[in-house]
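Structure record follows, encoded as structure tokens.
Read the figures in this text as sums done on the coordinates, not as results from a lab. In this text, all values refer to a predicted model and were calculated from it rather than measured experimentally. Because the Cβ atoms are built from the backbone with ideal geometry, glycine has one as well, and the counts that use them run over all protein chains shown.
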Amino acid sequence: MGVKWFALVLLALLAGFGGGFVFNYLVFQQQIDNFRVEISKLKEQVADLSSQVSTLKSIYSSINTLLGMQNELNELKSTLLAITLLLQQLLSGEGYARFERLEITSAYAEYNDGKYDITLNIKNSGSADAIIDNILLNGKPPSEYLGKIINISPSLPLLVRVGNSTSITIEVEANAPFTAGTSIEVRIHTAAGQEYPKTITLP
């Protein structure tokens, strides 16, 4: 009798262990399947991100190309303006007696919501019209400060007639190299090859 009971108890234990094992296997198998599905989704997301990164690189390259084209267009506009002025001077017979002279009557910088607005007030006190075709900051053109210079208003090239005054505002991001207390040399360059510098300290 004791042997039979022992055998029955042993069978019951084995059955319970086997059933528990099968149950746990099924539960873990489901979790494993779920993990496989999640891993598959993550792989798809990684592939999508890689594609987006590739697209962003292409866009960045296109932006650089457009900036280069804009610089070339500005140079062309400046050249055309210079030719137009030269023709006007030659036709009027005053071409050899006239000269440009720009004066930076005032210059200042203001901090405004994460950026600096650098303003130059300019007067043409010469006897010839002047074309401002570029502005250099610390000896470098705006194209050298990709992402740092937000805007130059009005856009260049800019014609300044004899006796007239104008203002130019340069918006730059308030971070290196444009930080508080830094002195910036702003140099106006004209189509005639003249340069007019002014040093401004950022507040």
Long-range amide H contacts for N134: which residues qualify at under 5 Å (H placed 1.01 Å from N, peptide plane, sequence gap of 5 or more or a different chain)? H189
Scan around A128 for amide H atoms under 5 Å from its own, H built in the peptide plane at 1.01 Å from N, and keep only partners 5 or more places away or cross-chain. F99, E100, R101
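Using per-residue counts of other Cβ atoms within 10 Å, averaged over each peptide, order 137-148, 121-132, 41-52 from highest down. If you can, show how the numbers build up before the last one.
Numbers: 137-148: 13.8, 121-132: 19.3, 41-52: 10.0.
Sorting 137-148, 121-132, 41-52 by mean packing, highest first, produces 121-132, 137-148, 41-52.
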